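The values are calculated or read from the model by the stated rules, or taken from the named source; none is laboratory data. Quick caveat, the model's predicted, so the values are computed rather than measured. So basically every Cβ, Gly included, is an ideal-geometry build from the backbone, and we count neighbours across all protein chains shown. With ligands, DNA and RNA removed, areas are computed over all heavy atoms of the protein, side chains included. Shrake-Rupley method; radii C 1.70, N 1.55, O 1.52, S 1.80 Å.
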Amino acid sequence: MKKNNRRGFQLNEKQLGYAMVLPSLLLVIAVVLWPVAQSFYNSLFDYRLNDPTRSQLMLGSTIDLERYVDNHFYIEGQLETLASEDEALATTATAIQEEIDQYHAQLIEDDDIKQKVEKIDEMLASFTPVRDSELKYAEVDNDFASDYREVLSSAQEELNKAAEQASNEQVASTITQTADLLGATSENILESNFIGLANYGKYLKDARMWGALGNTAFFTVVTVALELVIGLAVALLINRAFKGRGLVRASVLIPWAIPTAVAAMMWGFLYDGQSGIVAHYMEMLNIVPDASWLLSTADGGMFSIILADVWKTTPYMALLLLAGLQTIPTSLYEASNVDGANKWQQFWGITLPLLKSSILVALLFRTLDAFRVFDLIYVLTGGGPANATESISVYAYKTLFAQQNFGEGSVLSVIVFLCVALISFVFVKLIGSDLFAGRTK
């Protein structure tokens, strides 16, 4: 028998590396990049859920068929009533009706729109709301939409003028009611709400956005710096061998284990100017001017959230640094003792250099986490007083969900992503260049 020398499909080392990383890349794209891309797309529109004329993403003119069909059903009856009540307006009402009928006939020339109109008419007759957006909205020609909207608006203005000259109140009321119906129908023909990068230009000039960004940056720098210093000190202490070390290590992690929202509510009670024990003792020790200062002033609010965050997250920093300390060989300290080095010299010559990688990783994680802070501030201060503690994430949440402005809220979400990406780039490419050398090629 001949020996088969054919080799099966094989990957080289580089291809194998890419193949192993591919699932993670796909997960990142699905979980991170796709939502960001969707937010960026939404940010290009004046997209507001609380405004019926902007509650959809519309690249072209669109008609809200549910409201249009409902209004169109009553227009003919209103105009007939108007013509019967005021002979002087009979000619005008008839002309308006003929013009509307002409445009309506032109609208339903499209078979797809005609079928939608008939379906919606049946649903409205049975008092069934239209929940399917594909059925509810239909795209129309921009010129047709503009002309139809202009006809309805002109008819509304004409009837409003007639209402001012009406012979009695009853006739004036009927005319005004008909005019309002025509105006409402014109608003059912929606213009495109695509505005491109206009939202970004608006927020580049928005003082509140820059203020929120400044608050976030200040909070991030101060809290991360304090957590690094205190966390390193705690890590050095619990790294030493002493009786009950396991219990101490477990107890140190308790603040970090408490959910942030619960911790924020707890600190809110402690900071309360009337009954808060922390506020009371800070006032007694002259740390704060008075007990109410912590939550009622701009400086006090920022001080409060920083203190609460440092208390909660320092154990996390200490845990990461403790893991780094565990990797340093004890033989180095023994050798330095033989050479006569004191504790301070050992810290600067051995501990700190060998702990650099752990410090950089801890700083990266904590900086990213601190910059995206939301729940602590939202629960503790709500961004107040007077937006003095409002972070960029809190501002984005208020715009997105409180105001239901998805266009502008998406802009703020994209800004948060860009800032986080920039922080990651700085850490990985600049500060941590030596740490990641040889691993990013």
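Provide the gained length on full extension for the span residue 352 to residue 298, in nm with one decimal, where the gain is 0.36 nm per separating residue minus the Cα-Cα distance. Don't skip to the answer; put the middle values down first.
On the way: separation 54, 0.36 × 54 = 19.44 nm, distance 3.67 nm.
Extra length available between residue 352 and residue 298 comes to 15.8 nm.
Mean residue ellipticity at 222 nm from the helices of the chain, using -39,500 (n - 2.57) per DSSP H segment of n ≥ 4 over the full residue count, to the nearest 500 deg cm²/dmol? Working shown, then result.
Details: 22 runs with 289 residues, N = 441.
Mean residue ellipticity at 222 nm (helix-derived): -21000 deg cm²/dmol.
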Original post:
Using 0.36 nm per residue, how much length does the chain from residue 284 to residue 177 gain when fully extended, once their Cα-Cα distance is taken away?
Top reply: 31.8 nm
Original post:
Given a 1.4 Å probe, how much area per residue of the chain is accessible, in Å²?
Top reply: 58 Å²
Original post:
If you build the Cα gyration tensor of the chain and take the root of 5 times each eigenvalue, what three semi-axes come out, in whole angstrom, biggest first?
Top reply: 65, 33, 17
**OP:** Would you kindly calculate the mean projected area, averaged across all directions, of the convex hull enclosing the Cα atoms of region 253-310, in square nanometres?
**Re:** 3.9 nm²
Original post:
Whose amide H sits under 5 Å from the amide H of residue 193, counting only residues 5 or more places off or on another chain, with H placed in the peptide plane?
Top reply: 58
**OP:** Report the calculated FRET efficiency for residue 375 and residue 20 (r = Cβ-Cβ distance, R0 = 35 Å), to the nearest 0.05.
**Re:** 0.50
Original post:
When all protein chains stay in place, what accessible area (Å², nearest 10, 1.4 Å probe) is found for residue 303?
Top reply: 80 Å²
**OP:** Would you mind getting me the FRET efficiency between residue 205 and residue 265? Use the beta-carbon distance for r and R0 = 30 Å, nearest 0.05.
**Re:** 0.25
Original post:
Ignoring ligands and nucleic acids, what accessible area does residue 67 show with a 1.4 Å probe (Å², nearest 10)?
Top reply: 100 Å²
Subject >> Gain upon complete extension [residue 119, residue 421; 0.36 nm per residue less C-alpha separation] >> reply: 103.9 nm
Original post:
Relative to the longest principal axis of the chain, what angle (0 to 90°, nearest 10) does the C-alpha long axis of helix 298-325 take?
Top reply: 50 degrees
Original post:
Quick one: with all protein chains in place, what share of the accessible area of the chain is carbon or sulfur, to the nearest percent (1.4 Å probe)?
Top reply: 59 percent
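Taking R0 as 35 Å, what FRET efficiency do you get between residue 217 and residue 328 from their Cβ-Cβ distance, rounded to the nearest 0.05?
Working: r = 33 Å, r/R0 = 0.94.
About 0.60, to the nearest 0.05.
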**OP:** Could you tell me how many degrees, from 0 to 90 and to the nearest 10, lie between the Cα long axis of helix 406-425 and the main elongation axis, the longest principal axis, of the Cα atoms of the chain?
**Re:** 20 degrees
Original post:
Can you put 348, 293 in order of accessible area, largest first, using a 1.4 Å probe?
Top reply: 348, 293
**OP:** For region 8-27 and region 180-224, compute the distance between their C-alpha centroids and round to whole Å.
**Re:** 42 Å
